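The values are calculated or read from the model by the stated rules, or taken from the named source; none is laboratory data. A quick note: this is a predicted structure, and the numbers were derived from the prediction, not measured. Reconstructed Cβ throughout: ideal geometry from the backbone, glycine too, with neighbour counts over all protein chains shown. Ligands, DNA and RNA are stripped out before the accessible areas are found, and what is left, the full protein with its side chains, is counted by its heavy atoms. Shrake-Rupley method; radii C 1.70, N 1.55, O 1.52, S 1.80 Å.
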Amino acid sequence: MDPALINFKVLYVLTQLCGLTMIVLVGTWIGQHFGGLGGSSNPKLEFNWHPLFMTIGFIYLYGNSILVYRGFRTTRKKTLKLTHAGIHMAAFVLTVIALKTVFDSHNLNSPPIPNLYSLHSWLGLSAVIIFSLQYVAGFVAFLAPGIRENYKIAMMPLHIYFGLFGFVLAIASAVMGLTEKAIFAITSPPYSTLPPAGILANVIGVLYVVFGALVVYLATEPSYRRKPIPEDTALLSSGSANE
């Protein structure tokens, strides 16, 4: 077996373990230190859906969507395209719900909390906009029928770059949001004394960064690139014949 492929598999498993641990710890952080989850009748508890769904959708699923081509390298490319789009759609739905909960928690609070004033919210919303535009552009370029192959080739570098840029921006925003929540919400004892809630927040932040770094490395290392399989060649030939 190719040594590079062995290294990839080890790092891929490590990435998944890191991502799943990250989700579990966010759930634990919310449940043990911030009262769990709630609806619009309790804005503070409704807010807690925001970090949970953003972690699942906008970090874990987003990262796995980026890796799907390399993680399942023996699967037909057409299937991988649909899987890539499907995971992105699931991430988008969770992100929209997460955004709704944070706006609700601000607007329904007494007194209301201003929206979109922090750098976290600016970068986070920018990442969501980039993610959404990427989804639409990618769907049109790579899944919509009748698109010429030379257009797909021209779009691919931009699609890859902005996909990774949006993901890195999401990681940065998540770390900033985690810090913001810790500073404002961990008060007794204060975050500066590093209580258990503060330690857990820091560990989650480190996992965000490690997960993000692993995803970017696995997605950009040339030796891990997926090699075309015979079914891909047949599909490409069939598509060219139909143009």
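What the table shows:
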quantity: When the convex hull of its Cα atoms is projected in every direction, mean area for the chain (nm²); calculated: 14.6 nm²
quantity: Per-bin percent of Cα-Cα distances, the stretch 85-175 [5 Å]; calculated: 3, 12, 19, 21, 16, 11, 8, 5, 3, 1, 1, 0
quantity: Within the stretch 1-72, chymotrypsin sites (Phe, Trp or Tyr not before Pro) in DSSP loop having at most 15 other beta-carbon neighbours inside 10 Å; calculated: Phe72
quantity: Loop sites in the stretch 92-187: chymotrypsin sites (Phe, Trp or Tyr not before Pro), DSSP, at most 13 other Cβ within 10 Å; calculated: Tyr117
quantity: 15 Å beta-carbon shell around Phe53, net charge (K/R +1, D/E -1); calculated: 0
quantity: The stretch 3-228 - percent of accessible surface contributed by carbon and sulfur, probe 1.4 Å; calculated: 73 percent
quantity: Table column - 3J(HN,Hα) (Hz), the stretch 140-152, Karplus curve with 6.51, -1.76, 1.60, x for Gly and Pro; calculated: 5, 6, 10, 10, 5, x, x, 7, 5, 5, 5, 5, 5
quantity: Heavy-atom accessible area per residue - the chain, 1.4 Å, Å²; calculated: 53 Å²
quantity: Cα-based convex hull volume of the stretch 126-243 per residue, rounded to whole Å³; calculated: 122 Å³
quantity: Formal net charge of residues neighbouring Pro114 (Cβ-Cβ distance under 15 Å; K, R +1; D, E -1); calculated: -2
quantity: More than 22 Å apart - percent of Cα-Cα pairs taken over the stretch 41-142; calculated: 39 percent
quantity: Inter-part distance where the stretch 32-102 and the stretch 132-193 are each reduced to a Cα centre, Å; calculated: 11 Å
quantity: In the stretch 95-181, the trypsin sites (Lys or Arg not before Pro) that fall in loop regions by DSSP, at most 15 other Cβ within 10 Å; calculated: Arg148
